[in-house]
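This report refers to the structure that appears directly beneath it.
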Amino acid sequence: MDTLLIPRRPHASPTPPHARAALLEDPGFGKVFTDHMVTVRWTEGKGWHDAQVCPREPFQLDPAAAVLHYAQEIFEGLKAYRTRGNDVVLFRPQANAQRFRESADRMAMPLLPPDLFLGAIESLVRTDADWIPTGEGSLYLRPFMIATEAFLGVRPAAEYTFCVIACPVGAYFKGGAKPVTVWVSDNYTRAAPGGTGAAKCGGNYAASLVAQAEAIKNGCDQVVFLDAAEHRYVEELGGMNVFFVFDDNTIVTPPLGGTILPGVTRDSILTLAKDAGLTVQERLYSFDEWQADAKSGRLREAFACGTAAVLAAIGEIRHAGGSFKIADGLDGPVTCKLRDQLTGIQRGTAPDPYGWVHRIDMEG
Ligand code: COI
């Protein structure tokens, strides 16, 4: 895809190099932001207009802006990596562009052309390239769209802002690559059939927070949601998809059926697992089966996956009725192998037979 020319209004006083270096030493996740952002506006009758790279600063938003009342908001998450050969690359950005359109469609928002999505991201990465961590870290990119029209009637807004911000990040979980403990929620569900479960909209995450708080109260890192209809089948975690690895070389993940986020990492894992000779099944998997399979030893590993979390082994499961471990509760060999393969492709240390890596022309 050709690069779009997006006008640049640089920051008058960007973060000095020594302060930036200090921030990059241990950025954590989602707390440190780069100096710039991209904004593009959409107005009914006019379409997309006024794209710019500008200093990252607070928005001017009318208190009646539709996003503040009816939550017309969607977002994406993807990462830029600096490879050992000093290239700057993105991982499957076209997949994020496509999912962003699907989320927009579900939330009655305008569809952003994929070349504008990619052009905005590339422009921001070029502008703030000095913020890309080397080594284990990456630059997490957060494209999002909000309804900005000031209007209190309940209907799709007539004005929107698309924005991309960037954030140097390390590991998502505080414990790094240590297996995580998850809490199976009895009280809350994430998405019902016909709802917004497959869209990456802020509302889904807002609705997960009380369940996530319950997980933390019970000493867990993440909540696991069961299906809303029967409260029986495993769907996904608070912010990531889930996989199960069995002793007969089978790997299982819940099927996409409108209630689960179609993760880019999930999709990549399905391909890698198939090509590694594993039998891949997208099928319903109940919490009862999970407990029985862990007890019998048939279940060897489970892991959570997402752009932010990459692949995190699930070591222990807690629920209202007790707790259980999977195998020895450690990072299993299949989880490790898939993680190494995926991060190898993303960081350019392994071949990319799928054409997933998108190199950014830094001179563009
Ligand atoms: C991502 O993995 O990029 C997400 O958007 C999930 C969120 C928990 C950070």
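Please report, ordered by residue number, every helix of the chain (full DSSP H runs) that is 24 Å or longer along its axis going by C-alpha atoms and whose mean Kyte-Doolittle hydropathy reaches 0.0. Could you put the intermediate results ahead of the total?
Numbers: long enough: none.
Helices meeting the span and hydropathy rule in the chain: none at all.
With N counted as the residues of region 180-347, its alpha-carbon radius of gyration over 2.2 N^0.38 Å works out to 0.96. Taking every DSSP bridge with both residues inside region 180-347, close to 65 percent are antiparallel. Taking label points 7 Å from Cα along the Cα-to-Cβ direction, ALA21 and LEU330 give a separation of 3.9 nm.
You can think of it this way: the chain between TRP48 and ALA320 has 93.0 nm of extra reach, that is 0.36 nm per residue less the Cα-Cα gap.
The distance linking region 124-144 with region 192-220 is 27 Å (Cα centroid to Cα centroid, whole angstrom).
How do the peptides 50-63, 219-232 rank, highest first, by the average count of neighbouring beta carbon atoms within 10 Å per residue?
Values: 50-63: 12.8, 219-232: 18.9.
Highest-to-lowest ranking by the protection proxy: 219-232, 50-63.
A straight chain from HIS69 to ARG84 at 0.36 nm per residue would run longer than the Cα-Cα distance by 0.8 nm.
Hull surface divided by four, with the convex hull built on the Cα atoms of region 3-169: how many nm²?
Details: hull surface 40.5 nm².
Directional mean of the projected Cα hull area for region 3-169 stands at 10.1 nm².
Multiplying each eigenvalue of the alpha-carbon gyration tensor of the chain by 5 and taking the square root yields semi-axes of 34, 25, 18 Å, largest first, rounded to whole angstroms.
For LYS274, the lysines whose Cα falls under 22 Å of its own Cα, not counting residues fewer than eight places away in the same chain, are LYS337. For LYS46, the lysines whose Cα falls under 26 Å of its own Cα, not counting residues fewer than eight places away in the same chain, are LYS200.
The numbers here are math on the coordinates, done by the rules we state, and not lab data. Bear in mind that the values here come from a model prediction, so they are computed numbers and not experimental data. No Cβ is skipped: glycine too gets one built from the backbone with ideal geometry, and neighbour counts run over all protein chains shown.
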